[in-house]
Ligand SMILES: NC(=O)c1ccc[n+]([C@@H]2O[C@H](COP(=O)([O-])OP(=O)(O)OC[C@H]3O[C@@H](n4cnc5c(N)ncnc54)[C@H](O)[C@@H]3O)[C@@H](O)[C@H]2O)c1
């Protein structure tokens, strides 16, 4: 493709292209809502299709080199904050729109990253390639199907919502129709790769044992307590802010998995032990998660996993199952 494009130009023009590239443009944005390309070079912002008419092939060429994804954030709390501060390939992933029902949170985060606050969530759907949902189970139900209907991809953090079978089936049906992808990060657990691979055969048992610090559950206790023993589908309803990984494991294994939640005054972190048995053998993983500063219920690793998922979408290769 690149060779073909060069062949279309005289040597003078080829030099012009090279010069343009050397000017180290910082961003190229394709804005769905206005149907324009925005090219930001050193000091000039060349925007609109008239300019591009002449350089359309060059632009295609540039697009070959730079795949840039515009992202909108739904829910500007702990996870979104970690993401904005830790994301690295900012030329390829442009986090542009911010929405939160608490407008101050959206404004704070938008300010940090030079983004735009939207007052109505629907305003941002047309302008993005992907929405990161990092808000709540209810936001998944109310807003995510709208995103998928418009053919836009979504990363769902509030995975507990997906154990509502009607909602999950509706989302998958819409995605099949529109081609939109639903991405679910591995969150704060290890071993999802093995469980996904293992599910090709038969998975016989999955047990998630979660040990939480009293502060992460807003409790003040001195002795270990068993808080919950039961199925993931019940756990996500009883603890909607705490046990999303149970839903992730259920989706990966296609089982309503067993969950045990303990609150332990001896720990200062969220510990997830995952035991999986299947016809492939057995996997046991344990993750000792440090909490996010601004939300002790949320593990830093969960935010990091969303960042890596986003990174993987702009990479030319896939690692892991
Ligand atoms: N998948 C995982 O492994 C994992 C791990 C941790 C947290 N989570 C989930 O991710 C979500 C975000 O976590 P967090 O720690 O960033 O939470 P947070 O409470 O720090 O931030 C959530 C933000 O979303 C906003 N919000 C909530 N519902 C909304 C709605 N309907 N519309 C608009 N804004 C809304 C809140 O005002 C808040 O600012 C939670 O549902 C949490 O349970 C998932």
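No lab work stands behind these numbers, since they all come straight from the coordinates. Everything quoted here is computed from the prediction, not taken from an experiment. Backbone-built Cβ (ideal geometry, glycine too); neighbour counts: all protein chains shown.
Counted by neighbouring Cβ atoms within 10 Å, the residues 100, 164 run from fewest to most as 164, 100.
Pull out a ≥ b ≥ c, the square roots of the eigenvalues of the alpha-carbon gyration tensor of the stretch 192-298, then state rounded if a/c is under 1.5, prolate if not and a/b is larger than b/c, and oblate in the remaining case. The partial results should precede the final answer.
Numbers: a/c = 2.11, a/b = 1.97, b/c = 1.07.
Here the stretch 192-298 falls in the prolate category.
Short-range pairs are left out: with C-alpha atoms under 8 Å and at least six residues apart, the relative contact order of the stretch 192-298 is 39 percent.
Going by how many other Cβ atoms sit within 10 Å of their own, how do 269, 111 line up, fewest first? Don't skip to the end; give the middle numbers.
Numbers: 269 16, 111 11.
The order, fewest Cβ neighbours first, is 111, 269.
Going by how many other beta carbons lie within 10 Å of each one, how would you line up 124, 69, 157, fewest first? Can you show the working numbers first?
On the way: 124 24, 69 18, 157 28.
The most exposed by this proxy come first: 69, 124, 157.
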